[in-house]
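Trainee: Have a look at the structure that comes next, please.
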Amino acid sequence: MTAANADKPIITLDNVTRSFGAVQALRGVSAEIREGEFFSLLGPSGCGKTTLLRMIAGFDEPTTGTITLDGKPMAGIAANHRPTNMVFQSYAIFPHLSVGDNVGYGLKKKRLPKAEYDREVEEALEMVSLGGYGPRAAHTLSGGQRQRVALARALIMRPKVILLDEPLSALDKKLREQMQIELRRLQRSVGITFILVTHDQEEALIMSDRIAVMFDGQIAQLDSPEALYRKPNTQRVASFIGVMNFLEAKASGEKGDKISLDIQALGKLDIPASALPAGMKSSEITRVGVRPEMMSIVLEGAKSTGHEIDAEIAESEYYGDMTYYLVSLPGKDEPVTISMRNTAGRAVLEPGSKTRVSFSPESIVVFR
Amino acid sequence: MSIDAQNEGRKGLLLVSPTFAYAILLLAAPLILVILFSFWTQDYLDLDTTPTLANYKEAWTAPLYRELMLRSLRISVLVTTVTVLSAFPVAYYVSFRVKERKALWLFLITAPFWTSYLLRVFLWKVILGYNGVFNSALLWAGIIDEPLQFILYNVNAVVITLAHAWAPFAILPIFVALEKIDRSLLEAAEDLGDGPVRRFFRITLPLAIPGVMAATLIVLIPTVGDFITPRLVGGTEGLMISNMIQVQFGKANNAPLGAALAVSSMFIVGGLSLLIFLASRRVGRVAED
Ligand SMILES: Nc1ncnc2c1ncn2[C@@H]1O[C@H](COP(=O)(O)OP(=O)(O)O)[C@@H](O)[C@H]1O
Ligand SMILES: [Mg+2]
């Protein structure tokens, strides 16, 4: 997000719905997308992400509700008259044209002098590290290169918004991770608003300034990656983004800025009142959550933090840099997940080992 | 590996050999015979088999044959143009506009084939004739005072009849080519600023060229050699080269000359097809500039 434009909305979605016959693909989406930000629509397959993106691009119209782009209502404006460009999931590279003509496709209308056209195409190709690829035939490109050509084809138009529909899902893991970083870097350097559709939470967390998590045609939560991870406001969001341990809980009283909770397996403890989502009463609390890295297994000789309980290791999964433990706590049938960094000299515990688990009250997440 | 491959090869040969023999018997043998004939001379009832180019000389120099050959080409090019131009919108409609039951549409397009070709030609006679459906309708509507005569027994009638007969053969390959176009390409073109017309000429048409090409050749090649249609609806000015070939093999009793005419027209059509093929390969590239 460039500081000058911070918080200025480029796209406003106002209660947008879309029905396909009996299927309600979108059930009232409202959001503001800020100028220059990297915005992601994250959600499981079928939640309506593509439908929303296509309506912003102009390939589809809302059943009800309005989309405003750069201050102008978009109703009735066709895709070819909108200041948006799309990177298609299939890339949609024109098979009968060279790489250069694919990239320059949208420029042809401007009837630039040939030298200028060639220069612009080459510049766009260089931006995606494909300098010199112009004369090649489109069908000679690899998947990753096609993806770059599709991006260059959109960048060259200098649109207000670039829309990307799962652009990395067809690439292998290594290439995908590399492209995530590159896309992010590119977006920062050109300053164009990017809207990315993805079902991959990690991808969304890595790349975005803000993320709208969607379920069943609605935005469940719109926040920065950190806020989404630390303070997911529903259990569904919490379990979609990362891993979350859920525990039954009941409030037993309030004192000042603390709430006293009686939590399954963890026992009685006081959490900060700020953990309570806005507008929620403490008496409405039924469940809380703890992230795996917010609990730790107490190793021999470590100092006690005050909040500790007995536990037994049920299973361990070794990931090299991390070990994920499934840990049985007394008073809870399902084991909880706890992650530990494998720092120097730290042994991996065997299943069956008796140990203790510590946690801090500040790490407890309360759900609406 | 090589033994396996050899085995495979032998097995394959064995499998295709009946088809192969069939093809040789029915296609290659008559063709070779015709080519041989074209170098012989008819000597009243006997054939003089000393090789000669006399038949070709006559076929290529006599004004009558040249006129007939050129007319055949003109008619078939005209038929092809009319057929392909009218087939394209139909194929486009079925591929892009029909959302459900495309198969039913294709089925209906082939409906005329349920009756014999002769019957269809006679139907056109009924429609286009002096007292035919077309003239009667125009008379009844008061558009004309007396029946039009230029619509039957001339080139127009041949073109109409052939274009109708070959329409499905042109529609199907174009339809297949249009179906193969990835719809996201069209959206990408629109996204990059093209309106429907620009998009059609920059994406849809270039990508449909293989189908249009196939349609052109499928219609052009057989219509040059058609002889029933000109005989039945073409009158004298609608006669084509095949009618002459038929006469040479029959009444005129000059099979070698007929064979030379046949081989000549085969080469001309082959050459023309090659030209069309080469030209069409450039269309896609030229369209972008
Ligand atoms: N053209 C369409 N016709 C009918 N249903 C559709 C159409 N497009 C999308 N849908 C439905 O709308 C819902 C959302 O689809 P989509 O936006 O593609 O989801 P996502 O991109 O999040 O996977 C799905 O249930 C899908 O079946
Ligand atoms: Mg999708």
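Trainee: Only one of A:Phe194, A:Phe240 is at negative phi and within 16 Å of ligand 1 (Cβ to nearest atom). Can you tell me which?
Mentor: So the residue among A:Phe194, A:Phe240 that is at negative phi and within 16 Å of ligand 1 (Cβ to nearest atom) is A:Phe240.
Trainee: Across the stretch B:178-228, what is the number of residues that are buried (at least 18 other Cβ atoms within 10 Å of the Cβ), among the β-branched types (Val, Ile, Thr) and more than 14 Å from every other protein chain (Cβ to nearest Cβ)?
Mentor: Looking only at that region, the number is 5.
Trainee: For the stretch A:240-334, which strands (runs of 3 or more DSSP E) that fit wholly inside it have 2 or more residues that are among the basic types (Lys, Arg)?
Mentor: A:245-255
Trainee: Sticking with this one: Hey, does the stretch A:157-170 have a residue that's modelled with pLDDT under 95, over 25 Å from A:Phe59 (Cα atoms), in the same structural domain as A:Lys49 (by TED's automatic domain parsing) and surrounded by fewer than 20 Cβ atoms within 10 Å (Cβ to Cβ)?
Mentor: No; the residues of the stretch A:157-170 include none that is modelled with pLDDT under 95, over 25 Å from A:Phe59 (Cα atoms), in the same structural domain as A:Lys49 (by TED's automatic domain parsing) and surrounded by fewer than 20 Cβ atoms within 10 Å (Cβ to Cβ).
Trainee: Is at least one residue of the stretch A:5-21 within 16 Å of ligand 1 (Cβ to nearest atom) and part of a loop (DSSP other than H, G, I, E, B)? Full working, then the answer.
Mentor: So the first thing to find is which residues in the stretch A:5-21 are within 16 Å of ligand 1 (Cβ to nearest atom), and the list is A:13, A:16-21.
With the extra rule that they be part of a loop (DSSP other than H, G, I, E, B), the set shrinks to A:21.
Among the residues of the stretch A:5-21, at least one is within 16 Å of ligand 1 (Cβ to nearest atom) and part of a loop (DSSP other than H, G, I, E, B), which makes the answer yes.
Trainee: Could you tell me which residue of the stretch A:63-88 is surrounded by the most Cβ atoms within 10 Å (Cβ to Cβ), considering only residues that are polar (S, T, N, Q) and more than 8 Å from chain B (Cβ to nearest Cβ)?
Mentor: A:Thr68
Trainee: Then there's this: Looking at A:Ser30, is it away from ligand 2 (no atom under 16 Å from the Cβ), at pLDDT 95 or above, open to solvent by 20 Å² or more (accessible area, probe 1.4 Å) and within 19 Å of the chain's Cα centre (by Cα)?
Mentor: yes
Trainee: Here's another thing I want to ask about it. Scan the stretch A:34-61 residue by residue and report those that are among the hydroxyl-bearing types (Ser, Thr, Tyr) and more than 9 Å from ligand 2 (Cβ to nearest atom).
Mentor: A:Ser40
Trainee: Only residues in the stretch A:208-228 that are part of a strand (DSSP E or B) count as the first member; pair them with residues that are among the aromatic types (Phe, Trp, Tyr), Cβ under 6 angstrom, at least 6 apart or cross-chain, and list the lot.
Mentor: Note: pairs meeting the criteria are A:Arg210/A:Phe39.
Trainee: What number goes with the only condition from (1) touching a helix residue (DSSP H, G or I) at 6+ places or on another chain (Cβ under 7 Å); (2) modelled with pLDDT of 95 or more that A:His96 does not pass?
Mentor: (2) is the only condition that A:His96 fails.
Trainee: Just to confirm my filter: which strands (runs of 3 or more DSSP E) fall fully inside the stretch A:35-110 and include at least 3 residues that are closer than 19 Å to A:Arg210 by Cα and not aliphatic (A, V, I, L, M)?
Mentor: Answer list for the stretch A:35-110: A:38-42.
Trainee: Pairs, please: C-beta under 7 Å, at least 6 apart or cross-chain, first residue within 10 Å of another protein chain (Cβ to nearest Cβ) and in the stretch A:101-121, second open to solvent by 40 Å² or more (accessible area, probe 1.4 Å)?
Mentor: A:Gly106/A:Met157
Trainee: A:Ile206: open to solvent by 50 Å² or more (accessible area, probe 1.4 Å) and under 29 Å from A:Pro159 (Cα atoms), yes or no?
Mentor: yes
Trainee: Look through A:Met294, A:Met340 and report the one residue that is of a type in the set (A, V, I, L, M), at pLDDT 85 or above, in contact with a helix residue (DSSP H, G or I) (Cβ under 9 Å, 6 or more places away or on another chain) and open to solvent by 30 Å² or more (accessible area, probe 1.4 Å).
Mentor: Step by step, each of A:Met294, A:Met340 is checked, and only A:Met294 is of a type in the set (A, V, I, L, M), at pLDDT 85 or above, in contact with a helix residue (DSSP H, G or I) (Cβ under 9 Å, 6 or more places away or on another chain) and open to solvent by 30 Å² or more (accessible area, probe 1.4 Å).
Trainee: Could you check the stretch A:343-367 and list, in sequence order, the residues that are loosely packed, with under 14 Cβ neighbours inside 10 Å and under 24 Å from the mean Cα position of the chain (by Cα)?
Mentor: none
Trainee: Does the stretch A:138-151 include one or more residues that are more than 10 Å from every other protein chain (Cβ to nearest Cβ), away from ligand 2 (no atom under 16 Å from the Cβ) and closer than 17 Å to A:Thr193 by Cα?
Mentor: yes
The values are calculated or read from the model by the stated rules, or taken from the named source; none is laboratory data. Everything numeric here is computed off the predicted structure, so don't read it as measured data. With ideal geometry, Cβ positions are generated from the backbone for all residues, glycine too; neighbour counts draw on all protein chains shown. The area values use the complete protein model at the heavy-atom level, side chains included, leaving out ligands, DNA and RNA. Shrake-Rupley method; radii C 1.70, N 1.55, O 1.52, S 1.80 Å.
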